[in-house]
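Please treat every number below as a calculation from the coordinates, not as lab data. If you're wondering where the values come from, they're calculated on a predicted model, not measured in any experiment. Cβ coordinates were reconstructed from backbone atoms using ideal geometry, including for glycine residues, and neighbour counts include every protein chain displayed.
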Amino acid sequence: MSQHFLLSAAARTVSLKQILRMEEDEAWTLFCTIRWPETEGAPVCPHCGCPTCWSCPRPNGAPRFRCSACRRDFSPTSGTLFAFHKLEIRDYLAAVVIFCDEVKGKAALALSRDLDVQYKTAFVLAHKIREAMASEVKDLRLGGAGRHVEIDGCYVGGHVL
């Protein structure tokens, strides 16, 4: 299993200040670089995995790509928790940085104030980020040879003596 992006050296180079100073096209470039690190930000079709895609942006300037193999259109957010997004991508990147920099998590109310969005938007966004982080470790299990796990004095598994 590959290392989670948030634990990599590349994640430590992205700061909130840097993201908030970005223009929207710079934020899209950063998002693409994070999304497709193997190809250094070049798009890869989420439907068939073909790396040969060309750009066909929306009339409003939003990035869109077309796969040469399956001929389907996709955006950099297709297949991610940001699919069908309504906020700017810079706001989503800022939310991820804010959320992941907190030691004990980030309250939705505080996130809504930081991003200047409604509470319901921040609540849904926080849950999407939590779900994405949980999906990275869903198949990992705690334990060892004795299958005993101790967390702050609590025994899970085995017999209590």
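Computed quantities for the displayed model
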read-out: Cβ-based net charge around L81, under 15 Å, with every Lys or Arg adding one and every Asp or Glu removing one; value: +2
read-out: Net charge of Cβ neighbours under 15 Å - reference C45; Lys, Arg +1; Asp, Glu -1; value: +3
read-out: Anchor K106: lysines whose Cα lies under 19 Å away (excluding residues fewer than 8 positions away in-chain); value: K17, K120, K128
read-out: Using θ = phi - 60° and Karplus 6.51 cos²θ - 1.76 cosθ + 1.60, couplings along region 19-26 (whole Hz; Gly, Pro as x); value: 5, 5, 8, 6, 7, 5, 5, 5
